[in-house]
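The values are calculated or read from the model by the stated rules, or taken from the named source; none is laboratory data. Note that the coordinates shown come from a computational prediction; the quantities given were computed from them, not determined experimentally. As a convention, Cβ positions derive from the backbone with ideal geometry for all residues, glycine included, and neighbour counts pool all protein chains shown. Note: areas computed on protein heavy atoms with side chains; ligands, DNA, RNA excluded. Shrake-Rupley method; radii C 1.70, N 1.55, O 1.52, S 1.80 Å.
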Amino acid sequence: MRILIIEDEPRIRDFLTRAFKAEGFTPTPALDGHTGLRYAVSGEHDLVILDLLLPGLNGLEVLTEIRMHQPQLPVMILSARADLATRLRGFELGAVDYIAKPFSLDELLARTRVHLRRAGGLNGPLVIAVGGLTLDQASRQARMGDRVADLSEREFQLLRYLLTHVGEVISRERLLSEVWGYDFDPRSNVVDVCVRRIRRRLGSEVPIETVRNVGYRVAA
Ligand code: CA
């Protein structure tokens, strides 16, 4: 996943670049608004972290331009300007998030993963159907026979991950990192709890198999 970091303050830019690299992302730093915008419209990035007070074009101007050229590209604002009017203006212009400086790196990374997953969720077919189970990605509803369930965000992400990896055995650790996204204790049982909830809501015919001591599989 390629992250564009538009930030003029070297200390923060280097810190973010190192942090994203350490987490397995491919970060591209940009030092000013014009450079950042040029990179953003190249279509080579999956998400943008955008400072607002920048030399050249300011962040809101960059955001406006990005929306015109790359309407699907998620942009998270990271700014010391935390006043409500600026935050609202940012959302109005299409930012998916607004994080105030000083910020927590863990929270920034967690939110980045959430937005990347959401953006990824818009790709591919709107309705995924496997073995009598259908998942509507727009309404986040799952249907199995007569049963229909409005899924929570986590249930939806988990089911979507399994249904887009049909036939593969997916380990609990992989589900934790792909669906929960941040540093959950690998011994945590949140994955099993979530699968149990899905089975309870959709009935026992739901095609999720337990692979003992490993994880789960949706049979082809
Ligand atoms: Ca700045």
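In the range 3-16, the residue that is nearest to Ala100 (Cα to Cα) out of those that are surrounded by fewer than 15 Cβ atoms within 10 Å (Cβ to Cβ) and more than 12 Å from the ligand (Cβ to nearest atom) is Phe15.
Going through (1) within 14 Å of the ligand (Cβ to nearest atom); (2) under 17 Å from Phe103 (Cβ atoms) one by one, Ala19 falls short only on (1).
Of everything listed in (1) assigned to a helix (DSSP H, G or I); (2) away from the ligand (no atom under 16 Å from the Cβ), the single unmet condition for Ile128 is (1). Leu116 meets the conditions (1) touching a residue at least 60 places away in the same chain (Cβ under 8 Å); (2) in contact with a Leu (Cβ under 6 Å, 6 or more places away or on another chain); (3) open to solvent by 60 Å² or more (accessible area, probe 1.4 Å) in every case but one. The failed one is (3).
Can you find a residue in the range 170-189 that is open to solvent by 40 Å² or more (accessible area, probe 1.4 Å), outside the structural domain of Met76 (by TED's automatic domain parsing) and among the β-branched types (Val, Ile, Thr)? Among the residues of the range 170-189, not one is open to solvent by 40 Å² or more (accessible area, probe 1.4 Å), outside the structural domain of Met76 (by TED's automatic domain parsing) and among the β-branched types (Val, Ile, Thr), which makes the answer no.
Scan the range 45-100 for residues that are exposed (fewer than 13 other Cβ atoms within 10 Å of the Cβ), more than 15 Å from the ligand (Cβ to nearest atom) and in a loop (DSSP other than H, G, I, E, B) and report the count. The number of residues fulfilling the criteria is 3. Of the numbered criteria (1) within 17 Å of Arg111 (Cβ to Cβ); (2) touching a Phe, Trp or Tyr at 6+ places or on another chain (Cβ under 9 Å), the one Thr86 fails is (1). For the range 196-218, enumerate the residues that are open to solvent by less than 50 Å² (accessible area, probe 1.4 Å) and in contact with an Asp or Glu (Cβ under 9 Å, 6 or more places away or on another chain). Those that are open to solvent by less than 50 Å² (accessible area, probe 1.4 Å) and in contact with an Asp or Glu (Cβ under 9 Å, 6 or more places away or on another chain): Ile198, Gly203, Gly215, Tyr216, Val218.
Every residue, every condition in (1) crowded, with 16+ Cβ neighbours inside 10 Å; (2) closer than 17 Å to Val193 by Cβ; (3) of a type in the set (S, T, N, Q); (4) not assigned by TED's automatic domain parsing to the domain that holds Arg212, yes or no:
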site: Thr134; (1), (2), (3), (4): no, no, yes, no
site: Ala138; (1), (2), (3), (4): no, no, no, no
site: Gln141; (1), (2), (3), (4): no, no, yes, no
site: Arg147; (1), (2), (3), (4): no, no, no, no
site: Phe156; (1), (2), (3), (4): yes, yes, no, no
site: Leu162; (1), (2), (3), (4): yes, yes, no, no
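Please find, within the range 24-44, the residue that is least open to solvent (accessible area, probe 1.4 Å) out of those that are farther than 19 Å from Gly90 by Cβ and assigned to a strand (DSSP E or B). So, considering only residues that are farther than 19 Å from Gly90 by Cβ and assigned to a strand (DSSP E or B), the one least open to solvent (accessible area, probe 1.4 Å) is Pro27.
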